[in-house]
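S.K.: Mind looking over this structure? Questions follow.
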Amino acid sequence: MDLKYICTFWGCENQSAKEFLFNVVRNGYHGVEINFPEDTGFITEFIEELNKIRNTIDPDFMFIAQQVLSNKKETVNEYIKRIQERLGFLTTLKPDFINSHTGKDFFEFSDNCKIIEITEDISGKSGIPIWLEIHRGRFSFHLKTLLKYLEVFPELKLIADFSHFCVVSESNLDDQSDLLEKIYPNIKHIHARIGFEQSPQVNNPFAPEWENFLIQYSRWWKSIIEVPKKQK
C-alpha cells in the first residue's frame, strides 16, 4: 500500500493560496485538504497553482476538497439545499475526492439517511468520490449510532477522526473496541490527530503525558491500514 501524507489548510488560514501550496510542497507532503474560504480570488489562485504543481513537480499531487457548512438554524430541506449547492460547486473543481461534513447529530435518522443518499447521488453523477467524515455535530458523531447507518449504507466511505468518538463518549473506547473494528473496512482516509476524553486534540502528541494516547491511536491507524492487505 502506498501511503500519502496530506497537509490541511486548517491552521494555515492566514496564508494565501500560493503561499500555502508552496509550503506544502517544500515540506514534502503528497497533497492538500482544504475547506475553501468564501473568496473567489483565493480559489482561482489555488487552482492555478495546483495545476502548476501537477504540471511541473508532481502529476499525482492530491487535492481533497472539504465541505464544511457553517452552523445555521434551518429546516432539513433548507440544509439539503445548502449542501447540494456546496457539493455541486466543489465537484466542478475536480478534486480527487471530497471530505463532506454531512448531516446533523440532532436530525432524525431518516432525514440523515436522505442527506446521505443525496451526497451519494451527487458523487455518482459527477464522478467525484464523496467520503463522509466522523465528526461531532454530524450524523457520524457517535460510534454505536454510526453502525446503524452502515446497516443501510454498507458501502459508505468514511474519514476517520476517532478523537470525536472519544469526546462524545468521554472514553478512550477501550470498552468499544469490537464496535470500532466493525467500521475499519469503511475507512478510506485518516485524520491523524490525537484527542482524549475531554478534547479532540492534545496540546502535544509527543509529550510524555500523552504517550498512552499516542500508542492507542497509532494502533487504531495501523489496524485500519492493515484491512486492505487482509482483503487480498
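The values are calculated or read from the model by the stated rules, or taken from the named source; none is laboratory data. Keep in mind that what you see is a predicted model, and the values were worked out from it rather than measured. Cβ placement follows ideal geometry from the backbone for every residue including glycine, while neighbour counts extend to all protein chains displayed.
S.K.: Say we look at segment 177-213 and pick out the residues that are within 29 Å of Glu151 (Cβ to Cβ) and hydroxyl-bearing (Ser, Thr, Tyr); which of these is modelled with the highest pLDDT? Break it down stepwise before answering.
M.R.: Narrowing segment 177-213 to residues within 29 Å of Glu151 (Cβ to Cβ): 177-193, 195, 197, 200.
With the extra rule that they be hydroxyl-bearing (Ser, Thr, Tyr), the set shrinks to 177, 184.
Numbers: Ser177: 93, Tyr184: 97.
Looking at residues that are within 29 Å of Glu151 (Cβ to Cβ) and hydroxyl-bearing (Ser, Thr, Tyr), I get Tyr184.
S.K.: Please go through segment 59-80 and give me each residue that is exposed (fewer than 13 other Cβ atoms within 10 Å of the Cβ) and charged (D, E, K, R), ordered by number. Show your work before the answer.
M.R.: Residues of segment 59-80 exposed (fewer than 13 other Cβ atoms within 10 Å of the Cβ): 59-60, 70-73, 75, 77-78.
Result: Asp60, Lys72, Lys73, Glu78.
S.K.: Take residues that are among the small types (Gly, Ala, Ser), within 18 Å of the chain's Cα centre (by Cα) and at pLDDT 95 or above and tell me which of the strands (runs of 3 or more DSSP E) falling wholly in segment 1-95 contain 1 or more.
M.R.: In segment 1-95, 31-34, 62-67 are the strands (runs of 3 or more DSSP E) which contain 1 or more residues that are among the small types (Gly, Ala, Ser), within 18 Å of the chain's Cα centre (by Cα) and at pLDDT 95 or above.
S.K.: Let me ask something additional. Considering segment 118-144 alone, what residues qualify as being assigned to a helix (DSSP H, G or I), more than 30 Å from Ser199 (Cβ to Cβ) and touching a Leu at 6+ places or on another chain (Cβ under 9 Å)? Break it down stepwise before answering.
M.R.: So the first thing to find is which residues in segment 118-144 are assigned to a helix (DSSP H, G or I), and the list is 118-126, 143-144.
Then drop every residue that is not more than 30 Å from Ser199 (Cβ to Cβ), which leaves 118, 120-126.
Those that are assigned to a helix (DSSP H, G or I), more than 30 Å from Ser199 (Cβ to Cβ) and touching a Leu at 6+ places or on another chain (Cβ under 9 Å): Ile118, Glu120, Ile122, Ser123, Ser126.
S.K.: Name the residue that is surrounded by the most Cβ atoms within 10 Å (Cβ to Cβ), counting only residues in segment 17-58 that are of a type in the set (Val, Ile, Thr) and over 16 Å from Pro95 (Cα atoms). Before you say what the answer is, go through the steps one by one.
M.R.: Going through segment 17-58, the residues of a type in the set (Val, Ile, Thr) turn out to be 24-25, 32, 34, 40, 43-44, 47, 53, 56-57.
Restricting the remaining residues to those that are over 16 Å from Pro95 (Cα atoms) gives 24-25, 40, 56-57.
Working: Val24: 23, Val25: 18, Thr40: 9, Thr56: 8, Ile57: 9.
Per the stated criteria, the residue is Val24.
S.K.: Here's another thing I want to ask about it. Would you check which residues across segment 171-194 are farther than 19 Å from Ile6 by Cα and outside any helix (DSSP H, G or I) and list them? Spell out the reasoning first.
M.R.: Keep residues of segment 171-194 that are farther than 19 Å from Ile6 by Cα, which gives 171-186.
Those that are farther than 19 Å from Ile6 by Cα and outside any helix (DSSP H, G or I): Ser171, Asn172, Leu173.
S.K.: Within segment 105-117, how many residues turn out to be out of contact with any helix residue (DSSP H, G or I) (no Cβ under 7 Å at 6 or more places or on another chain) and outside any helix (DSSP H, G or I)?
M.R.: Of the residues in segment 105-117, 3 are out of contact with any helix residue (DSSP H, G or I) (no Cβ under 7 Å at 6 or more places or on another chain) and outside any helix (DSSP H, G or I).
S.K.: Still on this structure, please answer the following. So Leu147 passes all but one of these: (1) part of a loop (DSSP other than H, G, I, E, B); (2) out of contact with any Ser or Thr (no Cβ under 7 Å at 6 or more places or on another chain). Which condition number does it fail?
M.R.: (1)
S.K.: When segment 81-117 is examined, which residues are found to be among the β-branched types (Val, Ile, Thr), farther than 17 Å from Asn71 by Cβ and surrounded by 13 or more Cβ atoms within 10 Å (Cβ to Cβ)?
M.R.: Residues satisfying the conditions are Thr91, Ile98, Ile116.
S.K.: Looking at Phe141, Phe213 in this structure, which one is closer than 26 Å to Cys7 by Cα, more than 18 Å from the chain's Cα centre (by Cα), surrounded by 15 or more Cβ atoms within 10 Å (Cβ to Cβ) and touching a residue at least 12 places away in the same chain (Cβ under 8 Å)?
M.R.: Working: Phe141 fails: more than 18 Å from the chain's Cα centre (by Cα).
Just one listed residue meets the conditions, Phe213.
S.K.: If you don't mind, another one. Do you know which residues across segment 33-50 are of a type in the set (A, V, I, L, M, F, W, C) and closer than 21 Å to Ser70 by Cα? Give the derivation first.
M.R.: First pass over segment 33-50, keeping only residues of a type in the set (A, V, I, L, M, F, W, C): 34, 36, 42-43, 46-47, 50.
Scanning segment 33-50 gives Ile34, Phe36, Phe42, Ile43.
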